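Working notes, structure below.
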Amino acid sequence: TTKADDRILVFGFAPAVYLESHRLSASRFLWSRPVILEFASDREGYGSRGLLADLTRSRPAVVALQKQDWGPMDPNSEAFFLGHPALHAWLSAGYELDRDTPLFSIWRRRS
């Protein structure tokens, strides 16, 4: 439901979505685990700050947050994203919930 040149974000572990949809990622992070773990977050461009910078720069048309992708001990991607104050604020400021499925919550950019 996006144009061929629109960027999208699939925050979780579903990198095949980009290949199958023929869409580019809005972020360098093709899976959420490094962001959730805040891997190398002390360096510019990594962790949740790096993801937020990517998203601010590329403004994806659609954001899909995966609900169940990690184990019971770690937060799943949707819970992490919505529980992170800066990421949640960015999403709420420019996006609205479009669809809620058992696997993903799908957010569409406001026009």
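The values are calculated or read from the model by the stated rules, or taken from the named source; none is laboratory data. Quick caveat, the model's predicted, so the values are computed rather than measured. Please note: Cβ atoms are built from the backbone with ideal geometry, for glycine as well, and neighbour counts cover all protein chains shown. Just so you know, the surface numbers come from the protein's heavy atoms only, side chains and all, with ligands and any DNA or RNA stripped out. Shrake-Rupley method; radii C 1.70, N 1.55, O 1.52, S 1.80 Å.
Quick check on region 33-71: of everything there that is of a type in the set (S, T, N, Q) and modelled with pLDDT of 95 or more, which residue is surrounded by the most Cβ atoms within 10 Å (Cβ to Cβ)? Across region 33-71, the extreme among qualifying residues is GLN66.
Contact map, region 90-111: residues that are among the hydroxyl-bearing types (Ser, Thr, Tyr) paired with residues that are part of a helix (DSSP H, G or I), Cβ distance under 6 Å, separation 6+ or inter-chain. Pairs shown: SER105/GLU78. Is at least one residue of region 46-60 outside any helix (DSSP H, G or I) and under 21 Å from VAL17 (Cβ atoms)? For region 46-60, residues outside any helix (DSSP H, G or I) and under 21 Å from VAL17 (Cβ atoms): present.
Criterion applied to TYR95, TYR18 was being modelled with pLDDT under 95 and either open to solvent by less than 30 Å² (accessible area, probe 1.4 Å) or of a type in the set (Lys, Arg) (or both), and the one residue passing it is TYR18.
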